Amino acid sequence: MIETLQGRMQEIASADTSGHGQGISFSLMAVTEDRIGTLEEAVALAMSEEKPCDHLEAELQQLRAEREKGRHENVRRRHNYMPAIIELLKGLSEKGKLQGIVDATVKRTQERAEANKA
């Protein structure tokens with residue numbers, strides 16, 4: 001199987017006509033069992049055999065925390081913030097504060113550009 005994949009990757013890479021000589025990059029991913037399920041089984045087995053399993057439980061807790069953090073980040077990343085930003089800008093504009101903020105930002109940007117030139 002590995003030889004077949006390597007041969008196919010070589011064929012595709014050699015057909016690269018971009019002229020950069022880099023070929024096509026491949027990323028192979030393996031299908032594995034869920035680590036949480038594996039750890040839960042290991043903890044259950046250790047408990048049934050009355051062996052210490054504190055390190056397994058700690059690893060399981062850490063993995064669950066990482067998964068929860070990942071879920072939270074995905075929700076945040078996928079959220080559409082544009083309507084809130086537009087409403088904020090509209091509100092600032094209605095109160096007459098938007099132009100002042102824009103002017104201050106332009107001035108700061110120009111000062112930084114001048115400082116970087118020096």
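Helical runs assigned H by DSSP (4 residues or longer) give the chain a calculated mean residue ellipticity at 222 nm of -24000 deg cm²/dmol, each run adding -39500 (n - 2.57) before division by the residue total.
Suppose we flag trypsin sites (Lys or Arg not before Pro) only when DSSP calls them loop and at most 16 other Cβ atoms lie within 10 Å. Which is the longest uninterrupted stretch of the chain? Could you put the intermediate results ahead of the total?
Details: sites that count: 95, 97.
So the longest stretch without any such site is 1-94.
Is the C-alpha gyration tensor of the chain telling us rounded, prolate or oblate? Criteria: a/c under 1.5 is rounded; beyond that, a/b larger than b/c is prolate, otherwise oblate. The shape class here is oblate. For the chain, a Gaussian network of Cα nodes joined below 10 Å ranks 48, 14, 93 by mean-square fluctuation, and the top entry is 14. Counting only residues at least eight positions apart within a chain, or on another chain, the lysines with an alpha carbon under 25 Å from that of residue 107 are 90, 95, 97, 117.
Exposure here means at most 16 other Cβ atoms within 10 Å; with GluC sites (Glu not before Pro) in a DSSP loop as sites, the longest stretch of the chain lacking them is 51-118. Straight Cα distances below 20 angstrom link residue 69 to the aspartates and glutamates 34, 40, 57, 59, with same-chain residues fewer than 8 positions distant left out. Once you sort the root eigenvalues of the Cα gyration tensor of the range 27-75 as a ≥ b ≥ c, which label holds: rounded (a/c under 1.5), prolate (a/b larger than b/c) or oblate (the other case)? It comes out oblate by the Cα gyration axes. Between residue 41 and residue 115, the contour length at 0.36 nm per residue exceeds the alpha carbon distance by 20.6 nm. Seen through its C-alpha gyration tensor, with square-root eigenvalues sorted a ≥ b ≥ c, the range 70-112 comes out oblate because a/c lies at 1.5 or above while a/b is not bigger than b/c.
Only the coordinates and a few stated rules stand behind these numbers; no lab work does. Since the structure is predicted, the reported quantities are computational estimates derived from the model, not experimental observations. Here Cβ is always computed from backbone atoms with ideal geometry, including for glycine, and neighbour counts include all displayed protein chains.
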